[in-house]
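A short worksheet on the structure shown next.
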Amino acid sequence: MLSLALGLAAATCWGLHDFCVRFVSQRSDPLAVFLAVLGSGALLLAPVAMFVGGWSQVTATGAGYAALSGLAYVLGGIGLYRAFTIGPVRLVAPITGSFPVLSVGWAAVQGQPVSIGQWIAVLAVLAGVGLVASSGKGHADEAADEGQGKAILWAVAASVGFALTFALGHLAADHAPDLHVVMLARIVTTLGMIGILIVRRRPAALHRAHLPLIAAMGGLDVLALTCVIAAGGTAHPEYASVASSLFGVITIILCWRFLSERMSVVQWAGVALVFAAIGWLAR
C-alpha cells in the first residue's frame, strides 16, 4: 500500500534525523539547531518547488491549511528537540511516537472507515514502540533522568504537534500540490521559529563542526514530511502517520548499533510486534 510505503520512508528519514539530534544537541542550542534544520531544508526544497511550477493550483484554502500545518510543526519540532535533549530515548520515543492514535482518530471523525482490526494494529504499533523504548531501563538511567517530568511534557507536546501537522497537511493536500504544501508549511515554520528566538533574546549557539550534519538533517526532515503529506492523496492517509511513528524504533536501533546501547530480548520482541502490525495494516 502506497500510504504505508510513504510512512515507512518518512520513519527512516526521521529515525536518522533524531539519531543525529543526539549528537548536535550536546554542544549546540536545540532550538537553534531546529531553526537551522528548517532553513537548510527550505533551501534544498525551494529550487525544486520553483522548477516544477504549478503554483497557480494552490488555492487560498490549501495555503491556509498549509500555514496552520506549519504552525503545528513549530510545536512538534520544539517538543521533539527539547525532549530528546533532556530525556533518554527510551522515555521520549514511545510518547512522541503516539501521534498515530490521534491521526487515526481524526480520520474516524472525518467519517473515514476505520475497523476494529485497524485500531488494534495501531495500538500494537504503539505497544511495540513502547517496548523497544522503555524495556531494559536500568537504575543508572533513572538516576540520571532528573528532568523526566519535563521530558514527558515536551514529548506529549511533540506528539500533539505532529498529529495536527499531518492532519492539517492532508487537508491542504486536497487543495494544493503536495510539494507546494510542504514548501508553504516550511516557510511558516521557519518564520515562527525565527520569531520565537527573537522573543527569547538569548544567544542561539551553533557548533561549526555540526553544520554539514545539520544540513543533512534538513534534507531528511523535508523528505520525511513530504512523504507524509503526499500520503494525503491516498485512500488511507492515516496509515502513513501510523507507519511514520516507527522513527523512534529506528533511532533506538541506530543507537544500539553505533552507540553501543544494549537491546534486550523484550526490546527485539517489540520491534517484531511493530512490523507485524504494519504488515496487518498493509493487507
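The values are calculated or read from the model by the stated rules, or taken from the named source; none is laboratory data. This one's a predicted model, so the numbers in the text were calculated from it and none came from an experiment. All Cβ positions, glycine included, derive from the backbone under ideal geometry; neighbour counts span all protein chains shown.
Would you check if there is a residue in the range 72-93 being without any contact (Cβ under 8 Å) to a residue 12 or more places away in the chain, in a helix (DSSP H, G or I) and out of contact with any Leu (no Cβ under 9 Å at 6 or more places or on another chain)?
no
Within 21 Å of Val74 (Cβ to Cβ) and of a type in the set (Gly, Ala, Ser): does that describe Gly233?
On the way: within 21 Å of Val74 (Cβ to Cβ): no; of a type in the set (Gly, Ala, Ser): yes.
So Gly233 fails the test.
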Positions within the range 192-208 being among the aliphatic types (A, V, I, L, M) and without any contact (Cβ under 8 Å) to a residue 60 or more places away in the chain, in sequence order: Ile198, Val199
First in the range 9-23 and closer than 18 Å to Gly76 by Cβ, second anywhere and charged (D, E, K, R) and assigned to a helix (DSSP H, G or I), Cβ under 8 Å, 6 or more apart: Cys13/Asp221; Trp14/Asp221; His17/Asp221
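From the list Leu191, Leu171, Leu273, exactly one residue is farther than 25 Å from Leu45 by Cα and modelled with pLDDT of 85 or more. Which is it?
Values: Leu191 fails: farther than 25 Å from Leu45 by Cα; Leu171 fails: farther than 25 Å from Leu45 by Cα.
Just one listed residue meets the conditions, Leu273.
Residue by residue, here is whether (1) closer than 19 Å to Leu197 by Cα; (2) surrounded by fewer than 24 Cβ atoms within 10 Å (Cβ to Cβ); (3) in contact with a Gly (Cβ under 7 Å, 6 or more places away or on another chain); (4) hydrophobic (A, V, I, L, M, F, W, C) holds:
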residue: Ser25; (1), (2), (3), (4): yes, yes, no, no
residue: Leu43; (1), (2), (3), (4): no, yes, no, yes
residue: Val48; (1), (2), (3), (4): no, yes, no, yes
residue: Gln57; (1), (2), (3), (4): no, yes, no, no
residue: Ile95; (1), (2), (3), (4): no, no, no, yes
Residues within the range 160-184 that are under 16 Å from Val48 (Cα atoms) and part of a helix (DSSP H, G or I), tallied: 7
Search result, residues across the range 213-251 that are crowded, with 24+ Cβ neighbours inside 10 Å, over 21 Å from Val48 (Cβ atoms) and not polar (S, T, N, Q): Pro237, Glu238, Tyr239, Val242, Ala243, Leu246, Phe247, Gly248, Val249
